[in-house]
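The values are calculated or read from the model by the stated rules, or taken from the named source; none is laboratory data. The shown structure was predicted, so the numbers you read here are calculated from the model rather than taken from an experiment. Heads up, the Cβs are rebuilt from the backbone with ideal geometry, glycines too, and the neighbour counts pull from every protein chain shown. Surface areas here come from the heavy atoms of the whole protein model, side chains and all, with no ligands, DNA or RNA. Shrake-Rupley method; radii C 1.70, N 1.55, O 1.52, S 1.80 Å.
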Amino acid sequence: MEKTQQELNYERIASAITYLQDNFQKKPSLDELAEHVHLSPFHFHRLFTEWAGTSPKKFLQFLQLEYAKKLLREKEYNLFDTHVLTGVSSTSRLHDLFVHIEGMSPAEFKQAGEGLTLSYSYQSSPFGQCLLASTDKGLCYMAFIKDKEQGIADLQKRFKQAQLKEELTPIHTEAMRIFDQEDGSLANIKLHLKGTAFQLKVWQALLQIPTGEVRTYQAIAEQIDKPTASRAVGTAIGQNPIAFLIPCHRVIQRSGHTGGYHWEPIRKTLMLGWEQAHTTNSNDHETI
């Protein structure tokens, strides 16, 4: 499948960050990172800054374990502060201000999508190609994919009896605007999700994590009044069908490690760094 320039840029940045993580103790230079992705240092630095919104050096600070721990220390106990829900800027706007979850009816859930027609389309994002699908009630699926055929197979597996139709809908277009961190005029987006009551409650809690912040699995369990269910919470998070828009990537381990991610751990790492960079509106142009 032919890749867009945006997707190619993401793959180069992901490759550079993976290399950096694997060779962190050696402190690779800007020249080494650029050579790894077959670019000149100047071109690599410019590409990285355009993609991430900040320099490689500053971006690395967002990825460091100690920085993640710092975020947890600062934010973990402010979950219910009322100021979080008011006066937020466009770059740190809470998802739950404009994203609404509607669970599928018991009949729809049981019938695995029988009688439903899903419109799907492929869209390019800063983190690779996405497959989106929606019913007439709202967005029901959003996933990062490498291969179109496998992507459709995964979608059909989730909605075994549904009819699939390739069609770009306004819902898809609106959902993709979430990747524009400067856009403060997002419209309400309705999600039409197939999930248990527990899963829907967990996914709703994820929507309340602001851009640029992180929570632990235990914090989510406590938020939904199930303090002993952190493992079940982790399972529900892993079954989230809406990538990025329901920000399961913002849930990390208490140790500060990012942990696993259904759509590849390196993508989760890059999302967290990218959001931190855009939230702080950094204009730092230092070299690594």
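A Cβ distance below 8 Å, combined with a sequence gap of six or more or placement on separate chains, defines the contacts here; from the stretch 263-280, residues that are within 20 Å of Lys69 (Cβ to Cβ) and open to solvent by 30 Å² or more (accessible area, probe 1.4 Å) reach residues that are among the polar types (S, T, N, Q) and part of a loop (DSSP other than H, G, I, E, B) in the pairs Pro265/Thr258; Thr279/Gln181; Thr279/Thr211; Thr280/Thr54. Among what's in the stretch 221-257 and is more than 22 Å from Gln129 (Cβ to Cβ) and of a type in the set (S, T, N, Q), pick the residue that is farthest from the chain's Cα centre (by Cα). Selected residue: Thr228. Against the conditions (1) open to solvent by 20 Å² or more (accessible area, probe 1.4 Å); (2) within 20 Å of Ile101 (Cβ to Cβ); (3) in contact with a Leu (Cβ under 7 Å, 6 or more places away or on another chain); (4) part of a helix (DSSP H, G or I), Gln156 satisfies every one except (2). When Glu32, Glu7 are checked against the criterion of being over 17 Å from Glu275 (Cβ atoms) and under 25 Å from the mean Cα position of the chain (by Cα), Glu7 stands alone in meeting it. Inside the stretch 31-61, residues that are open to solvent by less than 20 Å² (accessible area, probe 1.4 Å) and assigned to a helix (DSSP H, G or I) make up a count of 8. Is there any pair with a first residue in the stretch 39-68 that is free of Cβ contacts under 8 Å to residues at least 40 places away in the same chain and a second that is part of a helix (DSSP H, G or I) and hydroxyl-bearing (Ser, Thr, Tyr) whose Cβ atoms are under 9 Å apart and which are 6 or more apart or on different chains, and what are they? From the stretch 39-68, the pairs are Gln61/Tyr67. Residues in the stretch 237-253 that are over 12 Å from Leu191 (Cα atoms), touching a strand residue (DSSP E or B) at 6+ places or on another chain (Cβ under 8 Å) and either among the acidic types (Asp, Glu) or not in a loop (DSSP other than H, G, I, E, B) (or both): Ile237, Arg250, Val251, Ile252. As a summary of the residue check, Ile171 satisfies the conditions (1) in a helix (DSSP H, G or I); (2) open to solvent by less than 10 Å² (accessible area, probe 1.4 Å); (3) in contact with a strand residue (DSSP E or B) (Cβ under 6 Å, 6 or more places away or on another chain) except for the one numbered (2). Taking the criterion of being farther than 19 Å from Gln199 by Cα, outside any strand (DSSP E or B), open to solvent by less than 10 Å² (accessible area, probe 1.4 Å) and touching a residue at least 60 places away in the same chain (Cβ under 8 Å), the only residue of the stretch 104-153 that qualifies is Phe127. When you scan the stretch 189-202, do you find a residue that is part of a loop (DSSP other than H, G, I, E, B) and surrounded by fewer than 16 Cβ atoms within 10 Å (Cβ to Cβ), even just one? Yes, that holds for at least one residue. Selection of the stretch 221-236 for residues being farther than 12 Å from Gln199 by Cα and either assigned to a helix (DSSP H, G or I) or polar (S, T, N, Q) (or both) yields Glu222, Gln223, Thr228, Ser230, Arg231.
Could you run through the stretch 1-21 and say how many residues are of a type in the set (A, V, I, L, M, F, W, C) and surrounded by fewer than 18 Cβ atoms within 10 Å (Cβ to Cβ)?
The total comes to 2.
For every residue, the table says whether it meets (1) of a type outside the set (D, E, K, R); (2) at pLDDT 90 or above.
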{"site": "Tyr217", "(1), (2)": "yes, yes"}
{"site": "Glu222", "(1), (2)": "no, yes"}
{"site": "Ala229", "(1), (2)": "yes, yes"}
{"site": "Gly238", "(1), (2)": "yes, yes"}
{"site": "Arg254", "(1), (2)": "no, no"}
{"site": "His257", "(1), (2)": "yes, no"}
{"site": "Pro265", "(1), (2)": "yes, yes"}
{"site": "Leu272", "(1), (2)": "yes, yes"}
{"site": "His285", "(1), (2)": "yes, no"}
